[in-house]
């Protein structure tokens with residue numbers, strides 16, 4: 001048997017063709033499938049004809065194919081495996097186009113230059129800081145020993161007397177005559193004979209006190225009122241200095257999501273922090289907490305089975321859905 005007589009293997013149909021045949025077998029139109037998937041009819045037509053480059057991203061494409069397969073009762077995993085084989089040449093072609101694109105190489109070189117410039121700037125800043133610290137430490141070590149030396153020189157200069165000044169002082173003391181006719185010092189007066197004069201203010205105070213004590217009919221309350229209070233003022237208890245009131249911070253609120261298929265989810269809280277940005281699979285359960293309001297982006301609405309916010313169910317029918325994608329905000 002020659003090579004020409006050998007049977008050629010059957011070429012497997014593409015994922016789009018399998019979906020189209022299953023749709024036609026069920027008697028569904030493009031519009032009916034598009035309405036059920038919340039997509040435009042042109043998107044369903046691109047999938048059936050294998051024009052995958054017109055879809056926004058591979059993630060959305062796989063989500064559309066999975067939902068389409070479930071609608072027409074096909075095996076979603078088998079279709080996704082076939083789709084993966086079809087996408088491989090498209091990926092290689094896009095990689096070659098990116099490498100051949102001069103704008104991409106120019107942008108890559110710009111990023112590399114910016115990275116090198118940042119690194120050099122940090123090295124320069126670090127060097128300036130190190131030089132400044134070393135100069136400061138050297139100046140402290142230079143100033144510290146010089147201060148005691150200056151103080152010791154000043155003190156020694158004040159205490160030292162030159163030999164010439166000492167001899168001149170001794171000669172002056174020897175030349176001065178001694179006065180023998182100096183008047184004798186008066187004898188000390190015994191302490192008992194010296195009258196002690198009391199200050200006039202003290203006498204006035206004693207007279208006033210005596211007059212107060214001797215005045216009839218003066219009550220003890222009036223005397224106490226006349227006496228100035230020596231007790232310092234006390235601040236009443238319970239009075240606290242009032243400071244600026246801090247604004248209350250809203251507590252984090254839990255958000256729970258359940259999935260029945262592949263779905264991209266991105267959640268951001270009121271502070272701008274990204275709580276989650278990941279691809280969830282069938283059967284996954286997502287539980288996060290964040291400060292409301294929470295901004296939620298769902299890549300495949302039909303893959304989300306339930307949403308609970310603040311332990312309360314959320315109805316997604318009220319949100320705007322475009323191409324099976326939704327972006328909404330959850331508030332208390």
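So here's what we get for this one:
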{"item": "Which numbered condition residue 139 fails, given (1) in contact (Cβ under 8 Å) with a residue 24 or more places away in the chain; (2) part of a helix (DSSP H, G or I)", "result": "(1)"}
{"item": "Any hit, segment 51-59, residues being in a helix (DSSP H, G or I), within 23 Å of residue 264 (Cα to Cα) and modelled with pLDDT of 90 or more", "result": "no"}
{"item": "Residues being outside any strand (DSSP E or B) and closer than 13 Å to residue 38 by Cα - total across segment 322-332", "result": "2"}
{"item": "Strands (runs of 3 or more DSSP E) contained entirely in segment 254-321, each with at least 1 residues that are touching a residue at least 40 places away in the same chain (Cβ under 8 Å) and surrounded by fewer than 17 Cβ atoms within 10 Å (Cβ to Cβ)", "result": "274-280, 304-309"}
{"item": "Test result for residue 44, surrounded by fewer than 20 Cβ atoms within 10 Å (Cβ to Cβ) and within 50 Å of the chain's Cα centre (by Cα)", "result": "no"}
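The values are calculated or read from the model by the stated rules, or taken from the named source; none is laboratory data. The model shown is predicted, which means the values in this text are computed figures rather than measured ones. Note: ideal-geometry Cβ built from the backbone for every residue, glycine included; neighbour counts use all protein chains shown.
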